[in-house]
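Chemist: Let me give you the structure first, and then I'll get to my questions.
Values quoted throughout were computed directly from the atomic coordinates according to the rules given, and no laboratory measurement underlies them. Given the structure is predicted, the values throughout are model-derived calculations rather than measurements. FYI the Cβ positions are ideal-geometry reconstructions off the backbone, even for glycines, and counts take in every protein chain you see.
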Amino acid sequence: MQVVQTITELRAAVAQARAAGKSVGFVPTMGCLHAGHLALVTRARQEATFTVVSIFVNPTQFGPNEDFSRYPRTFDADRAACESAGADLIFAPTPADFYPAGASTWVDVEGISTGLCGEFRPGHFRGVATVVAMLFNAVQADVAIFGQKDLQQLAVIRRMVRDLHFPVRIIAHETVRESNGVAMSSRNRYLSPEDFQRATAIPAALNEARRLVAAGTTEAAQVRTAAQACLAREPAIRLQYIELVDQETMTPVTQVTPGRCALAIACHLGNTRLIDNTLL
Ligand code: PAF
């Protein structure tokens, strides 16, 4: 497995792979890899024959009061994990390498970026869309894999790819969960053991929503109220939003159309912000 830091080295390696007749699969990450990321690498290997993983803690997607400086950086462990998952190349630029001095170009995916997390993290999706556009230009992959856990991020990227005609196929991979049902996240390591247990109220709320919809409930307000009641059983959880939305547009719905909707949750446990969702 190769590890490269510059776009020139990356492009040379990808060109060599293409010259050998390989197709390119891409998994963008911010490092601190867990089994959820490695499932994305495995998926990329099923979809393409040369797998690139980027490891880049992107400064532009963090707000001024967010955890950019304390975001866990675990490069040696990440490299070993990528190698054992069968990745072919890690692209790990520094912010100074990747953002040209004085960079002033942004990708702003309007509308879809403003609700849900966008309301509480202004500028976050502008930073995500910009860095993912830059990564797509750098890697030139045939297929890119994103986790379903970041529901709104996925919708923003799909819209960006559609609107700007990026020649890359986007695949969503289902959320990988801890044995207690909590969605895997690099931020779970901030949780105390007690809060990690309390966080099980989140998948319980999602399960309740799925149960109601499977039983024929179509009123979004009814599903939302029942799921919120599950969360409320855990008083340490501070809810930021719980919303039934259209999977493609991220706009709130009043009626659940099975296969088209999702229930999305964001909350805090202690100082840790957690998000999760279920497709309905
Ligand atoms: O999901 C993430 O880890 C990041 O938002 C991404 C897509 C790698 C962009 O920095």
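Chemist: Taking the Cα-to-Cβ direction at ALA12 and at ASP76 and moving 7 Å from each Cα, how far apart do the two end points lie in nm?
Modeler: Spacing of the two 7 Å Cα→Cβ label points: 2.7 nm.
Chemist: Using only the Cα atoms of the chain, construct the convex hull and provide its projected area averaged over every direction, in square nanometres to one decimal.
Modeler: Values: hull surface 58.4 nm².
In nm², the orientation-averaged hull projection of the chain is 14.6.
Chemist: Angle check, please: helix 201-214 long axis (alpha carbons) against the longest principal axis of the chain (alpha carbons), in degrees 0 to 90, nearest 10.
Modeler: Computed tilt is about 70 degrees.
Chemist: Still on this structure, I have one more. Can you work out ³J(HN,Hα) from phi for every residue in segment 138-149, in order, using Karplus 6.51 cos²θ - 1.76 cosθ + 1.60 and θ = phi - 60°, giving whole Hz and x for Gly and Pro?
Modeler: 6, 7, 6, 7, 7, 9, 10, 10, 10, x, 5, 4
Chemist: Per DSSP H run of at least 4 residues, take -39500 (n - 2.57); add these up for the chain, divide by its residues and hand me the 222 nm value, nearest 500 deg cm²/dmol.
Modeler: -11500 deg cm²/dmol
Chemist: When you count, for each residue, the other Cβ atoms within 10 Å and take the mean per peptide, how do 227-237, 89-99 rank with the highest first?
Modeler: 89-99, 227-237
Chemist: Additional query: Packing-wise, with mean Cβ within 10 Å as the measure, how do 59-65, 43-49 rank, highest first? Before the final figure, lay out each step's value.
Modeler: Working: 59-65: 13.7, 43-49: 18.9.
Final packing ranking: 43-49, 59-65.
Chemist: Students often check this: by mean Cβ neighbours within 10 Å, which of 241-249, 163-171 ranks highest, and how do the rest follow?
Modeler: Final packing ranking: 241-249, 163-171.
Chemist: Where a ≥ b ≥ c are the square roots of the eigenvalues of the C-alpha gyration tensor, would you call segment 86-147 rounded, which needs a/c under 1.5, or, failing that, prolate if a/b is larger than b/c, or oblate?
Modeler: The shape class here is oblate.
Chemist: If you average the C-alpha positions of segment 166-209 and of segment 1-39 separately, how far apart do those two centres end up, in angstrom?
Modeler: Here the two parts' Cα centres lie 25 Å apart.
Chemist: Report the far tail of the P(r) of segment 1-139, meaning the percent of Cα-Cα pairs longer than 19 Å. Intermediate results must be reported in sequence, preceding the final value.
Modeler: On the way: 5199 of 9591 pairs.
Here the long-distance tail beyond 19 Å is 54 percent of all Cα pairs in segment 1-139.
Chemist: Tell me, what is the percent relative contact order of the chain, built from C-alpha pairs under 8 Å that lie six or more residues apart? The partial results should precede the final answer.
Modeler: Details: 505 pairs, mean separation 47.7, N = 280.
Rounded, it is 17 percent for the chain.
Chemist: For the chain, give the magnitude of the charge dipole about the Cα centre (Cβ charges: +1 Lys/Arg, -1 Asp/Glu; no others), in debye to the nearest 20.
Modeler: Working: 26 positive and 26 negative charges, 45 e Å.
I would put it at about 220 debye.
Chemist: Further question on the same structure: Output the relative contact order of segment 28-89, whole-number percent, from Cα pairs under 8 angstrom with separation of 6+ residues.
Modeler: Numbers: 61 pairs, mean separation 32.3, N = 62.
Normalised by residue count, the contact order of segment 28-89 is 52 percent.
Chemist: Can you give me the Rg/Rh ratio for segment 89-225, using Cα atoms for both radii and the Kirkwood formula for Rh? Don't skip to the answer; put the middle values down first.
Modeler: Working: Rg = 18.1 Å, Rh = 17.7 Å.
Expressed as Rg/Rh, it is 1.02.
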